[in-house]
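The values are calculated or read from the model by the stated rules, or taken from the named source; none is laboratory data. All of these numbers come straight from a predicted model, not from anything done at the bench. Cβ placement follows ideal geometry from the backbone for every residue including glycine, while neighbour counts extend to all protein chains displayed.
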Amino acid sequence: MRVPPLYNDKSWQRFFAGLAIGIIFGWLFFLYHFGLVHEKLVLEINRQKTTIEHQEQTIEVLRKDQDEINEQNQKKLTVQDIHISFVNEKDVKLSELTYHELKGAVEGELEVVRNKDIDTIAGSRDFLLKTVENKIFIIGEKRYQLKVEQLILYTSLEIYVRITPAE
C-alpha cells in the first residue's frame, strides 16, 4: 500500500499555504494585542505605584504632625475631675450623710488642683498626699482622719482613702 501523492494536488498546497500564512498572521496579531495590553497594564501599574508612594509620603507627614500634636496636648493636659472613693466604706459603717460630707470636705481641700497641669501636680504629689492625710475632718461631733491608699493621676484625679477615727 502506498501513500497517495497529495503534495502534487494544488488544493492541498493552497490549504497548507493558507494554514501557514494564517498561523503567522495570527501569531503577529496576538503579539500586537498582547503588547498593547501589556503596555497599558505597565503604565497603569506605574501610575498606581506613584500614587501609592505619594499617599505613603502624605500618611507619614500626617503621622508626624499627629504625633507632635499629641505630644503638645499631653503636655497641656489638666486635671478636670476629682473622684474620691472610700476603701473601707462597709467596715466603718457611717451614714450616707457623713460619707457625703466627708467626700465634700476632701474635694474642697483638693479643689486647688482642678485645672492645673498634670506635670505640676505629679511633681507635688507628696504635698497633695500630706494635705489629705494630715488634715482632721470634723463631721458633726466626730473627728475623722484619712489615709491615702492609692492615687491615680490623669485628667481625673482618683484618690482611694481609708477612713480612721482621729485621736
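Residues that are touching a helix residue (DSSP H, G or I) at 6+ places or on another chain (Cβ under 8 Å): find the helices (runs of 4 or more DSSP H) completely inside segment 67-134 holding 3 or more of those. Because the criterion is at least 3 residues that are touching a helix residue (DSSP H, G or I) at 6+ places or on another chain (Cβ under 8 Å), the helices (runs of 4 or more DSSP H) in segment 67-134 that meet it are 96-110, 125-134. The combined condition, being free of Cβ contacts under 8 Å to residues at least 24 places away in the same chain and farther than 17 Å from Lys75 by Cα, is fulfilled by Phe127.
Taking segment 68-88 as the search range and keeping residues that are charged (D, E, K, R) and out of contact with any strand residue (DSSP E or B) (no Cβ under 7 Å at 6 or more places or on another chain), which one is farthest from Thr164 (Cα to Cα)? Step by step, filter segment 68-88, then rank; the result is Glu68.
Flag: Lys49 does not match the condition of being assigned by TED's automatic domain parsing to the domain that holds Gly123 and either without any contact (Cβ under 8 Å) to a residue 40 or more places away in the chain or in a helix (DSSP H, G or I) (or both). Counting residues in segment 107-119 that are small (Gly, Ala, Ser) and either surrounded by 12 or more Cβ atoms within 10 Å (Cβ to Cβ) or farther than 19 Å from Glu158 by Cβ (or both) gives zero.
Filtered by the rule that a residue be over 20 Å from Pro165 (Cα atoms) and of a type in the set (S, T, N, Q), segment 89-116 gives a lone residue, Asn115. Out of curiosity, is Leu146 hydrophobic (A, V, I, L, M, F, W, C), touching a residue at least 24 places away in the same chain (Cβ under 8 Å) and not in a helix (DSSP H, G or I)? Yes, satisfied.
The set of residues in segment 76-108 being free of Cβ contacts under 8 Å to residues at least 40 places away in the same chain and aliphatic (A, V, I, L, M) consists of Leu97, Ala105. The combined condition, being charged (D, E, K, R), more than 15 Å from the chain's Cα centre (by Cα), surrounded by 10 or more Cβ atoms within 10 Å (Cβ to Cβ) and outside the structural domain of Arg114 (by TED's automatic domain parsing), is not fulfilled by Lys64. Just wondering, is there one or more residues in segment 120-136 that are more than 25 Å from Tyr154 (Cβ to Cβ) and not hydroxyl-bearing (Ser, Thr, Tyr)? Yes: segment 120-136 contains one or more residues that are more than 25 Å from Tyr154 (Cβ to Cβ) and not hydroxyl-bearing (Ser, Thr, Tyr). The requirement of being of a type in the set (Gly, Ala, Ser), outside the structural domain of Ile118 (by TED's automatic domain parsing) and out of contact with any Phe, Trp or Tyr (no Cβ under 6 Å at 6 or more places or on another chain) is satisfied by Gly22.
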